[in-house]
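Scroll down for the structure; my scribbles are underneath it.
The values are calculated or read from the model by the stated rules, or taken from the named source; none is laboratory data. Values in this document were obtained by computation on a predicted structure and should not be read as measured data. With ideal geometry, Cβ positions are generated from the backbone for all residues, glycine too; neighbour counts draw on all protein chains shown.
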Amino acid sequence: MLTLDRRTLLGGALIAPAALVVTRPAWTATSSLPPAIGQPERLARLAKARALMRRDGLDAILVEPGASLDYFTGVRWSRSERLTAALIPAEGAPIIITPFFEKPSVAESLAIPAEIRTWDEHEEPLRLVADWLRERKLTTAAIGIEETNRFFIVDRLKAQLPRLAVRNANAVVRGCRMIKSPAEIALMRAATDVTVAAIRATHPRIRAEMTPGDIATMLKTAMVASGATDPWALVLLGEASAYPHGSGKPQAVRRGEVVLIDTGCAVRGYQSDVSRSFVFGANPTPEQRRVWDHVAQGQKIANAAARLGATAGSVDDAVRAAYTRWGYGPGYKLPGLSHRTGHGIGMEGHEPVNLVHGEETRLAPGMCFSNEPGIYLPGKFGIRLEDCFHMTASGPRWLSTPPPSIDRPLD
């Protein structure tokens, strides 16, 4: 057991010692978590990216710090005004651009063969990219830029090579990252297992008058104790549960009111995202029970609609059509489902594509999504159940199992 000192503050409130005893879930830091992504898989990713570049007529893609840089190179870095980036060509080995004084730190996590080229503080970093392209006589090349890359990169690269063609690299990056390998799915499943165990460990320790911060701290403590990193938790109490990302008003646990927990963590860089809703200390009212049951049914409808070859948008449409029949909405109106049915997930908690009306991307094996068709009644309460799934050759498969009823909200 992990026991916190009785003087420990949770979210600014002193909690009784009994509430601070956090039992480690079955998956602990000493258990064998799945291995991190190795070099062979990263090299396979680069090979796929090169094939997609050749298909799309791109000579290279430029990748800034963030999940995509980690995905292709293993380099874990933050964006700043000092440019660090990878140039991945359609032919040949990548190069890493980084400040001279950062080279040792960047090299620590570099997981593929690549040349590191450095620039000093008084120099233009995009000149290094331009020089590399000039060496290969690619001054009129087509360079792909990911949609999240900052404008100054394009602007200053074009200043170096005015005839360079700058194009969208989404088809390449998404074409790789949207389709998860078995190793990636194993890491996401591990993160999900840790998250579900943390919710189960926290639930019986919730007490009246606790704040969202109190509950969030218990959740995050349990996830870290299980070997996860980057834990996060959104806890919505009472009326605040009617607003998907909460309220700034003071909140406290009250008997007979909804507690909505939306939480997750990372295992070796891969994310989880799980939501559970329950009523604290009393039997649910007929309205609470009805809305909870409708959301649970919405999850099943989304799961049934998630067929191979179906568009991502059709999953959202199927849920929304049922909710409209039941008197919610219509569409995104309230009371009802005011947000998308789900989002992509992987190295980032939210990544392309979404289960949202109008999304034409077709579902394929290896894609991973959240399934969270919440229902929100402004001024009253909201219910959100969220479980992630991945697509297989035989259809969707849950990463966590949805609970059976409001009376068994964690099973």
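Could we say that ARG50 is in a helix (DSSP H, G or I) and either touching a residue at least 40 places away in the same chain (Cβ under 8 Å) or not small (Gly, Ala, Ser) (or both) here?
Numbers: in a helix (DSSP H, G or I): yes; either touching a residue at least 40 places away in the same chain (Cβ under 8 Å) or not small (Gly, Ala, Ser) (or both): yes.
Answer is yes for this residue.
Scan the stretch 372-394 and give yes if some residue there is touching a Ser or Thr at 6+ places or on another chain (Cβ under 9 Å) and within 19 Å of GLY175 (Cβ to Cβ), otherwise no.
No; the residues of the stretch 372-394 include none that is touching a Ser or Thr at 6+ places or on another chain (Cβ under 9 Å) and within 19 Å of GLY175 (Cβ to Cβ).
Inspect the stretch 194-202 for any residue being polar (S, T, N, Q) and either within 23 Å of LYS380 (Cβ to Cβ) or modelled with pLDDT under 95 (or both) and give the result as yes or no. Spell out how you get there, then give the answer.
The first filter runs over the stretch 194-202 and keeps only residues polar (S, T, N, Q), leaving 195, 202.
Restricting the remaining residues to those that are either within 23 Å of LYS380 (Cβ to Cβ) or modelled with pLDDT under 95 (or both) gives none.
Scanning the stretch 194-202 turns up no residue that is polar (S, T, N, Q) and either within 23 Å of LYS380 (Cβ to Cβ) or modelled with pLDDT under 95 (or both).
So which of GLY264, GLY238, GLY269 ends up being touching a Phe, Trp or Tyr at 6+ places or on another chain (Cβ under 8 Å) and within 25 Å of LYS180 (Cα to Cα)?
Of GLY264, GLY238, GLY269, the one residue that is touching a Phe, Trp or Tyr at 6+ places or on another chain (Cβ under 8 Å) and within 25 Å of LYS180 (Cα to Cα) is GLY264.
Looking for whichever is touching a residue at least 24 places away in the same chain (Cβ under 8 Å), surrounded by fewer than 19 Cβ atoms within 10 Å (Cβ to Cβ), acidic (Asp, Glu) and closer than 19 Å to THR192 by Cβ here; the options are ASP262, ASP293, ASP230. Which one fits? Give the steps one after another, and end with the answer.
On the way: ASP262 fails: surrounded by fewer than 19 Cβ atoms within 10 Å (Cβ to Cβ); ASP293 fails: closer than 19 Å to THR192 by Cβ.
Going through ASP262, ASP293, ASP230 in turn, just one is touching a residue at least 24 places away in the same chain (Cβ under 8 Å), surrounded by fewer than 19 Cβ atoms within 10 Å (Cβ to Cβ), acidic (Asp, Glu) and closer than 19 Å to THR192 by Cβ: ASP230.
Say whether the condition of being closer than 30 Å to ALA312 by Cβ and in a helix (DSSP H, G or I) is met by at least one residue in the stretch 139-153.
In the first step, residues of the stretch 139-153 are kept if they are closer than 30 Å to ALA312 by Cβ; the result is 142-151, 153.
Checking which are in a helix (DSSP H, G or I) leaves us with 151, 153.
Checking the stretch 139-153: at least one residue is closer than 30 Å to ALA312 by Cβ and in a helix (DSSP H, G or I).
Does PRO94 meet the test of being within 27 Å of GLY175 (Cα to Cα) and surrounded by fewer than 18 Cβ atoms within 10 Å (Cβ to Cβ)?
Against the criterion (within 27 Å of GLY175 (Cα to Cα) and surrounded by fewer than 18 Cβ atoms within 10 Å (Cβ to Cβ)), PRO94 does not qualify.
Residues TYR270, TYR243: which one is of a type in the set (Phe, Trp, Tyr) and crowded, with 24+ Cβ neighbours inside 10 Å?
On the way: TYR243 fails: crowded, with 24+ Cβ neighbours inside 10 Å.
The match here is TYR270.
Scan ARG55, ARG50, ARG45, ARG76 and give me the residue that is outside the structural domain of ILE206 (by TED's automatic domain parsing), under 21 Å from ARG167 (Cβ atoms), touching a helix residue (DSSP H, G or I) at 6+ places or on another chain (Cβ under 6 Å) and of a type in the set (Lys, Arg). Full working, then the answer.
Numbers: ARG55 fails: touching a helix residue (DSSP H, G or I) at 6+ places or on another chain (Cβ under 6 Å); ARG50 fails: touching a helix residue (DSSP H, G or I) at 6+ places or on another chain (Cβ under 6 Å); ARG76 fails: under 21 Å from ARG167 (Cβ atoms).
Going through ARG55, ARG50, ARG45, ARG76 in turn, the sole match is ARG45.
Got at least one residue in the stretch 215-225 being among the charged types (D, E, K, R), farther than 19 Å from TYR376 by Cβ, touching a residue at least 12 places away in the same chain (Cβ under 8 Å) and surrounded by 22 or more Cβ atoms within 10 Å (Cβ to Cβ)? Break it down into steps so the answer makes sense when it comes.
Of the stretch 215-225, the ones among the charged types (D, E, K, R) are 220.
Filter again for farther than 19 Å from TYR376 by Cβ, leaving 220.
Filter once more, keeping what is touching a residue at least 12 places away in the same chain (Cβ under 8 Å): 220.
Narrowing further to those that are surrounded by 22 or more Cβ atoms within 10 Å (Cβ to Cβ): none.
The answer is no; no qualifying residue exists.
Report whether or not GLN297 is of a type in the set (S, T, N, Q) and part of a loop (DSSP other than H, G, I, E, B).
Values: of a type in the set (S, T, N, Q): yes; part of a loop (DSSP other than H, G, I, E, B): no.
Spelling it out, it is not the case that GLN297 is of a type in the set (S, T, N, Q) and part of a loop (DSSP other than H, G, I, E, B).
Among the residues of the stretch 68-80, are any at pLDDT 95 or above, within 20 Å of ALA130 (Cα to Cα), out of contact with any Lys or Arg (no Cβ under 7 Å at 6 or more places or on another chain) and not in a loop (DSSP other than H, G, I, E, B)?
Yes, that holds for at least one residue.
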